[in-house]
Amino acid sequence: QPAPQEKRGLLGRLMGRAAPKTVVRRTLDDDMLEQLEELLITADMGVDTALRVTANMAEGRFGKKLSVAEIKELMADEITRIMDPVARPLPLYPKKPQVVLVVGVNGSGKTTTIGKLASQFRAAGKKVVIAAGDTFRAAAVEQLQVWGDRAGVPVLTAPQGSDPASLAFDAMGKAQADGADLLLIDTAGRLQNRSDLMEELAKIVRVIRKKDESAPHNTLLVLDATTGQNALNQVKVFQEISDVSGLVMTKLDGTAKGGVLVALADKFGLPIHAIGVGEQIDDLQPFDPQEFADALVG
Ligand code: GDP
């Protein structure tokens with residue numbers, strides 16, 4: 001059965017479906033490279049990264065005739081080469097509790113990702129505590145409690161509008177007293193007032209360091225793949241207001257053209273700890289560059 005047009009990867013769309021056993025060969029010339037660049041740009045890879053990928057593809061092969069399969073493999077290899085260094089699971093330090101601050105704009109999937117992470121670590125035998133640090137949004141707190149129940153993990157909350165830093169301080173105390181392995185702290189995602197958010201995050205960091213100077217051990221930025229190139233800007237902003245140590249990209253299950261992930265890896269080199277591929281508790285996967293590149297190229 002031929003796959004529907006929109007399900008095909010990038011090159012599938014460009015080359016169409018070669019008849020079985022027919023080897024279609026294309027010359028890797030300027031025209032071809034330009035078409036490839038355009039495809040990568042439509043996949044949200046951004047101009048700079050798209051140019052880098054096609055330039056690497058052409059190196060030593062310009063003007064050669066390649067089969068569609070060879071072009072696909074070449075492109076997937078170049079993408080994998082950019083992505084390989086950033087594919088790293090969330091590092092687990094022996095330090096107890098390991099503190100993970102989760103940042104990102106509202107709607108990016110912070111709450112969902114915290115629920116999924118809690119469930120994964122719990123399934124791996126770890127003791128997890130969640131702090132509902134977005135005390136401003138009652139809905140976020142409620143949602144986090146639902147996820148905590150699903151994952152079988154306690155969720156610490158504070159009254160709406162109360163100081164998130166004070167909640168984080170209490171959560172640190174509880175996680176230490178309980179001998180928890182992991183403390184996941186949700187934070188507000190109101191970027192409208194950047195300096196307020198920056199102060200709020202800085203204060204959370206200050207108070208948890210009173211309990212453990214090495215905390216937070218990770219600051220995880222959650223990004224929504226459907227925002228495309230916007231994700232690049234979000235990394236810039238969150239790097240300015242917090243100490244981002246790694247990324248989770250959500251909503252890669254949808255129609256999102258995950259090419260922005262390649263641009264992120266190319267420009268920032270931050271580790272990609274996991275990807276979100278759905279709304280259910282098990283829909284968080286380790287990032288696999290080869291699989292990702294193959295799916296993108298198609
Ligand atoms: P927050 O505001 O950053 O805490 O975002 P939420 O965790 O509440 O997520 C916002 C919306 O995105 C919710 O409807 C989630 O179900 C949805 N969502 C989160 N992660 C994923 C994902 O990986 N795939 C899909 N399809 N939806 C997701």
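The values are calculated or read from the model by the stated rules, or taken from the named source; none is laboratory data. All values reported here derive from a predicted model rather than from experimental measurement. In this analysis, Cβ positions are derived from the backbone assuming ideal geometry, glycine residues included, and neighbour counts consider all displayed protein chains. Just so you know, the surface numbers come from the protein's heavy atoms only, side chains and all, with ligands and any DNA or RNA stripped out. Shrake-Rupley method; radii C 1.70, N 1.55, O 1.52, S 1.80 Å.
Let me spell out the model: positive unit charges on the Cβ of Lys and Arg, negative unit charges on the Cβ of Asp and Glu, origin at the Cα centre of the chain. What dipole size does that give, in debye rounded to 20?
My answer is approximately 460 debye.
Loop only per DSSP, at most 15 neighbouring Cβ atoms within 10 Å: give me the GluC sites (Glu not before Pro) in the stretch 48-80, ordered by residue number.
Glu59
From largest accessible area down, sort Ile41, Ile275; use a 1.4 Å probe on the protein chains.
Ranking Ile41, Ile275 by accessible area, largest first, yields Ile41, Ile275.
With unit charges on the beta carbon (Lys/Arg positive, Asp/Glu negative), name the residue among Leu191, Met75, Val129 whose Cα is farthest towards the positive pole of the charge dipole of the chain.
Farthest along the dipole direction, towards plus: Val129.
Once the piece of chain linking Asp48 and Asn230 is laid out straight, how much longer is it, given 0.36 nm per residue of separation minus the C-alpha distance between them?
Using 0.36 nm per residue and subtracting the Cα-Cα distance, I get 64.0 nm.
For the stretch 38-84, what size does the Cα cloud have along each of its three principal axes, sorted from largest down, in whole Å?
The Cα atoms of the stretch 38-84 stretch 27, 22, 17 Å along the principal axes, largest first.
Scan around Ala131 for amide H atoms under 5 Å from its own, H built in the peptide plane at 1.01 Å from N, and keep only partners 5 or more places away or cross-chain.
Counting only residues 5 or more places away or on other chains, the set is Leu156, Leu184, Ile185, Asp186.
Taking 0.36 nm per intervening residue step and subtracting the Cα-Cα distance, what contour gain separates Gln160 from Glu59 on full extension?
Length difference between fully extended and current span is 30.6 nm.
Give me the percent of the accessible area of the stretch 33-114 that comes from carbon and sulfur atoms, probe 1.4 Å, all protein chains in place.
Ligands and nucleic acids excluded, carbon and sulfur give 53 percent.
What is the diffusion coefficient of the stretch 37-180 in µm²/s, taking the Kirkwood radius over Cα pairs and the Stokes-Einstein relation at 37 °C with a viscosity of 0.692 mPa s?
176 µm²/s
Note the count of lysine pairs whose C-alpha atoms are less than 21 angstrom apart in the stretch 136-251, limited to pairs 8 or more residues apart or on different chains.
6
I'm a student and want to see the number: the projected area of the Cα convex hull of the stretch 231-292, averaged over all directions, in nm².
One quarter of the hull surface, i.e. the mean projection, equals 4.5 nm².
Calculate what fraction, in whole %, of the accessible area of the stretch 170-298 sits on carbon and sulfur atoms when a 1.4 Å probe is rolled over the protein chains.
The value for the stretch 170-298 is 44 percent carbon and sulfur by accessible area.
So for the chain, averaging the separation of alpha carbon pairs under 8 Å that are six or more residues apart and normalising by length, what relative contact order in percent results?
Taking the mean separation of contacting Cα pairs over the length of the chain, I get 24 percent.
In square nanometres and to one decimal, what's the mean projected area of the convex hull around the Cα atoms of the stretch 191-239?
3.8 nm²
Using only the alpha-carbon atoms, what does the stretch 150-298 span along each of its principal axes? Please give whole angstrom values in decreasing order.
Reported extents, whole Å, longest axis first: 50, 35, 29.
Mind ranking 263-270, 111-118 by how tightly packed they are, going by the mean number of other C-beta atoms within 10 angstrom, highest first?
111-118, 263-270
Cα-Cα pairs above 15 Å in the stretch 104-174: how many percent?
Within the stretch 104-174, distances greater than 15 Å cover 51 percent of Cα pairs.
Output the direction-averaged projected area (hull surface divided by four) of the convex hull of the alpha-carbon atoms of the stretch 122-234, in nm².
7.9 nm²
Find the centroid of the Cα atoms in the stretch 219-298 and in the stretch 144-188, then give the distance between the two in whole Å.
Computed from Cα coordinates, the inter-centre distance equals 25 Å.
With a 1.4 Å probe and all protein chains left in place, how much accessible area per residue does the stretch 139-180 have, in Å²?
Heavy-atom SASA per residue in the stretch 139-180 reads 46 Å².
List the pair-distance distribution P(r) of the chain, using every Cα-Cα distance, as the percent of pairs falling in each 10 Å bin from 0 up to the bin containing the longest distance, rounded to whole percents.
Calculated P(r), rounded to whole percents: 6, 27, 29, 18, 12, 6, 1.
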